[in-house]
Amino acid sequence: MVQIPNTPTSADVARLAGVSRATVSYVLNNTSAVRISEPTRRRVHEAARELGYVPHAAARSLRAGHSRMVLMPAPAIPVGPLYSGFLNELQWALGRLDYTVVQYGTVGLQGDEAARAWAELRPVAVLVPGAELGTQGVRVLKRSGARAVVTLGPERVDGAHALLMDHAAVGQCAGAHLHGRGRRRIGVVVPEESGLEAYSRPRLTGVRQALHGTDAAVTELPLAYTEESAARLAAKWRELALDAVFAYNDEYAMLLMRALQDEGLRIPEDVAVIGADDLMLGRLLRPRLSTVHVELPSGRDLAELVDRAVRDPGGEPEVHRVLGASVVRREST
């Protein structure tokens, strides 16, 4: 018969460390309300490591009345280096506050249906990017025990904390820069990939706002993120007679710039090109890529907002405008 070793308990840790079970709980749960000396903390952690003891998350949730899980729907679209860096910082900061971040795949689920699926996991907080959640979804999550619902998008949702990300400002910066460089026939790339509309449409609107009342014309340019799609667009560029393009972001800008150069068009003499996100790769191109530097919210600040909301679930929802945008002019414009 196979012998299954006994699972170590907090009582075992307490005996080995020479402390009470309450002290073990305070140390391993990072309880700040009780002062525990540093030598005692070290003894408890060393005993837990020696025994292979791991606190039981479900039991801890029962004692606290809520979990420590922060749920983030996994992006349904590819995320670039900028957003990946933000997510990494956020997960690190939440971990420091003793939360566990879980990314939930929601392919095929949207709106209230997605909210019900998230609610089944009983998270203490939910962070929702884009425009995926409505008022009813917020109610579903709160009824299931979520103490904090935070949206990251262009508009606030009733009942949720909001980090408002104004992508129109990115387009305004790009459009004003191209106009200031003397360009008057300006194309704006709108990615064909599903899920990017929440970002691309406000950026297109921002360019139009920046050029409203001027002598410049704006042309919308659908583009898939493939070499074939870029080559087709570049092949009809002379027919379009555009002298500048805001290419949605740096990745689309690099894709289109190479296709334009393959067609014999000179950057920036024939076509000025500007992207957004200020990626390192854009600085390595020749000519170097002009871009709109996008300032995302601090992952640490967002983690602290989540913690405040969890501690005070009845508080008034906070609203912060967090997206900054500024032009970085390089050789491509």
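The values are calculated or read from the model by the stated rules, or taken from the named source; none is laboratory data. Bear in mind that the values here come from a model prediction, so they are computed numbers and not experimental data. So basically every Cβ, Gly included, is an ideal-geometry build from the backbone, and we count neighbours across all protein chains shown. Please note that ligands, DNA and RNA were not included when accessible areas were found on the heavy atoms of the full protein model with its side chains. Shrake-Rupley method; radii C 1.70, N 1.55, O 1.52, S 1.80 Å.
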Region 135-171, residues that are in contact (Cβ under 8 Å) with a residue 60 or more places away in the chain, out of contact with any strand residue (DSSP E or B) (no Cβ under 6 Å at 6 or more places or on another chain) and open to solvent by less than 10 Å² (accessible area, probe 1.4 Å) | 171
Specify the residue that is farthest from the chain's Cα centre (by Cα); the eligible residues are those in region 288-327 that are open to solvent by 40 Å² or more (accessible area, probe 1.4 Å) and over 30 Å from residue 123 (Cα atoms).
-> 288
If the Cβ limit is 9 Å and pairs must be 6+ apart or interchain, which residue in region 197-222 that is over 17 Å from residue 165 (Cα atoms) pairs with which residue that is of a type in the set (D, E, K, R) and surrounded by 17 or more Cβ atoms within 10 Å (Cβ to Cβ)?
-> 216/183; 218/208
Would region 205-212 turn up any residue that is crowded, with 21+ Cβ neighbours inside 10 Å and in contact with a Phe, Trp or Tyr (Cβ under 8 Å, 6 or more places away or on another chain)?
-> yes
Could you pull out the residue among 198, 216, 174 that is of a type in the set (A, V, I, L, M, F, W, C), within 19 Å of residue 333 (Cα to Cα) and open to solvent by 10 Å² or more (accessible area, probe 1.4 Å)?
-> 216
Restrict the check to region 271-282 and report whether at least one residue is modelled with pLDDT of 95 or more and either open to solvent by 70 Å² or more (accessible area, probe 1.4 Å) or outside the structural domain of residue 172 (by the TED database) (or both).
-> no
Please indicate, with yes or no, whether at least one residue in region 138-155 is among the polar types (S, T, N, Q) and within 30 Å of residue 310 (Cα to Cα).
-> yes
Among the residues of region 219-252, which ones are of a type in the set (Asp, Glu) and either open to solvent by 50 Å² or more (accessible area, probe 1.4 Å) or under 16 Å from residue 186 (Cα atoms) (or both)?
-> 220, 227, 228, 239, 243, 251
